[in-house]
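The structure under discussion appears below in the form of structure tokens.
Each value in this text was obtained by applying a stated rule to the coordinates, not by laboratory testing. The shown structure was predicted, so the numbers you read here are calculated from the model rather than taken from an experiment. So basically every Cβ, Gly included, is an ideal-geometry build from the backbone, and we count neighbours across all protein chains shown.
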Amino acid sequence: MIVRNLHGIGLDVSIRALAVEVINAKAGVPGEPYDMILADFPPSYPDPADMLLRLLGGENTRKPSGNDNFAYFDDPIYNRRLAAANRLLGAARFRAFSKLDAEIMRTQAPWASLFEGSNTLLLSKRVGCLKIHSVFIRDYAAMCVR
């Protein structure tokens, strides 16, 4: 799909398939030659800082290797605003990060989302005790059959 779409606007694309570990290691090194990475960044814990600070914070572009900010987005204005949002608590924290996320994606576009990972779970009437976790989706060990 990506090759076809980019070819349609006159860009020739060559794809190199690599293991996830290799992609992450290479992309974490400043100056590593790549134009696009197809990657998945699941949250480690249910807080917007985990995604926005980890993946867009300028400090995560400056190590010689092991960077998480593969877009190498490092804007002093947004770095300050991300840090300020990170100091907030409760609903104000979520509102500030939400506003920043929308603004960065609208005005700076350091990455493009290609898909969203929603899941559907079909259950029998006999399944109970279903617990939904904000990061790990569902707790199968806690499920019970009636």
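Per residue of the chain, the DSSP helices (runs of n ≥ 4 H) give a summed -39500 (n - 2.57) that works out to -11000 deg cm²/dmol at 222 nm.
Exposure proxy ranking for Leu122, Leu52, Leu18, based on other Cβ atoms within 10 angstrom of each Cβ and starting from the fewest, stands as Leu122, Leu18, Leu52. Restricting the range 1-57 to trypsin sites (Lys or Arg not before Pro) that sit in a DSSP loop and have at most 14 other Cβ atoms within 10 Å of their own Cβ leaves Arg16. What's the angle, to the nearest 10 degrees (0 to 90), between helix 76-87's Cα axis and the longest principal axis of the chain? Value to nearest ten degrees: 20.
Taking a ≥ b ≥ c as the square roots of the Cα gyration tensor eigenvalues, the range 60-129 comes out prolate, since a/c reaches at least 1.5 and a/b is larger than b/c.
Under a Gaussian network description of the chain, with springs only between Cα atoms under 10 Å, the residue in Leu56, Leu82, Leu114 that fluctuates furthest is Leu114. Using alpha-carbon pairs under 8 Å, 6+ residues apart, how would you state the relative contact order of the chain in percent? Relative CO of the chain lands at 16 percent. Given the choices [x] 18.0, 63; [y] 19.0, 59; [z] 28.3, 101, Rg and Dmax of the Cα atoms in Å derived from the coordinates of this structure is entry [y].
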